[in-house]
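Visitor: What follows is a single structure, and I will ask about it in a moment.
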Amino acid sequence: MYVERPPSAAIADRLACGWHRISEADTTQLVVPDACVDLIWSAQSLYVAGPDTGPMPAPLQAGETLVAVRFRPGAVGDFFGVPLHELRDRRVPLDALPMGRDLLTRLADAPDVPSAGKTRSTPPPRPLLGAAALDELRAQAEARLQLLQRAVASRLATREGRASVDPAAPAIATALRKGRSVSEVAWHLGYSERQLQRRSVHAFGYAPKTLQRIVRFQRALRLARTGVPLAEVAVAAGYTDQAHLANDVKRLSGVQMSRLL
């Protein structure tokens, strides 16, 4: 069971959502690139899921709960205290990052927060969950999500939390999503290609061409989920043809579009 919650208005420019996932059975969740960065609270630790360039299968046991906040593409800035490209394709414990102790301190009064430098043992497998057990886990997840969002909002209110968000990031992502070439986007925004490269890596953790593939893929996925035929999806999302769409989907997700849908 996966649920998203909108962030508070005060931090909606930085966060796309809060979310929690409760696994009702042993499973593997396929995580695909979306140009976002998530701060995730699991039973074992708090960790950062950096910007991905390919599929990231995530095994989950029955009863396992994940609670997280998701930063908008390009809206992380220096929140975690390291250049974003250093988090690319990685899952990094929060206490290994420069700002980790600060955020853990802001969560210090919350119950069941993993201590800095420590992790819990993996919980034993559980049978399929009943309605009562799911209700209890859901209530716990909602409470943890509120605590996590408050801690993140508290840090975002500081000078360090607000630092180094590129105001051009949304325009870069939007222009690349429309299928323009990197050189066209640079010209349109008034940058040299080298400037666009530098700003894209800083804001998203990706070079512009990689970012373009990912935002185009996400646009195609959204269109396909509304029932648009794949041939039309390919044209609307800026692919050369349906075969180009299929190849990009397989490269970024590891599976065919039909499997994702």
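A short reminder: the numbers here are calculations on the coordinates, not readings from a lab. The structure presented is a predicted model; accordingly, all values stated were derived computationally and were not measured. Here the Cβ positions follow ideal geometry from the backbone for every residue, glycine too, while neighbour counts run over all protein chains shown.
Visitor: Once you keep just the Cα pairs under 8 angstrom separated by 6 or more residues, what percentage relative contact order results for segment 2-162?
Guide: Working: 303 pairs, mean separation 43.4, N = 161.
Computed value for segment 2-162: 27 percent relative contact order.
Visitor: Please give the charge dipole size of the chain, origin at the Cα centre, charges +1 on K and R Cβ atoms and -1 on D and E Cβ atoms. Round to the nearest 20 debye.
Guide: Working: 34 positive and 25 negative charges, 111 e Å.
The calculated dipole for the chain is roughly 540 debye.
Visitor: Quote the FRET efficiency, to the nearest 0.05, computed for GLU142 versus ALA246 with a Förster distance R0 of 41 Å and r equal to the Cβ-Cβ distance.
Guide: Numbers: r = 39 Å, r/R0 = 0.95.
Approximately 0.60, to the nearest 0.05.
Visitor: Angle check, please: helix 193-204 long axis (alpha carbons) against the longest principal axis of the chain (alpha carbons), in degrees 0 to 90, nearest 10.
Guide: The angle comes out near 20 degrees.
Visitor: Projecting each Cα onto the charge dipole of the chain (Lys/Arg +1, Asp/Glu -1 at the beta carbon, about the Cα centre), which of ALA10, GLY54, ALA243 comes out farthest on the positive side?
Guide: Projecting each Cα onto the dipole axis, the largest value belongs to ALA243.
Visitor: Provide the gained length on full extension for the span TRP187 to ALA43, in nm with one decimal, where the gain is 0.36 nm per separating residue minus the Cα-Cα distance.
Guide: Values: separation 144, 0.36 × 144 = 51.84 nm, distance 4.72 nm.
Full-extension gain reported as 47.1 nm.
Visitor: Right, another one. If you line up the long axis of helix 242-253 against the longest principal axis of the chain, both from Cα atoms, how many degrees apart are they, to the nearest 10?
Guide: Long axis of 242-253 versus the principal axis of the chain: about 30 degrees.
Visitor: How many nm separate the modelled label positions at ALA12 and THR105, each set 7 Å beyond the Cα in the direction of the Cβ?
Guide: For ALA12 paired with THR105, the spin-label model returns 3.2 nm.
Visitor: Between ARG198 and SER258, what is the label-point separation in nm under the 7 Å Cα-to-beta-carbon projection?
Guide: Rounded to a tenth, the inter-label distance reads 4.8 nm.
Visitor: Related question: Rounded to the nearest 10 degrees, what's the angle between the helix 208-225 long axis and the longest principal axis of the chain, both from Cα atoms, 0 to 90?
Guide: 70 degrees
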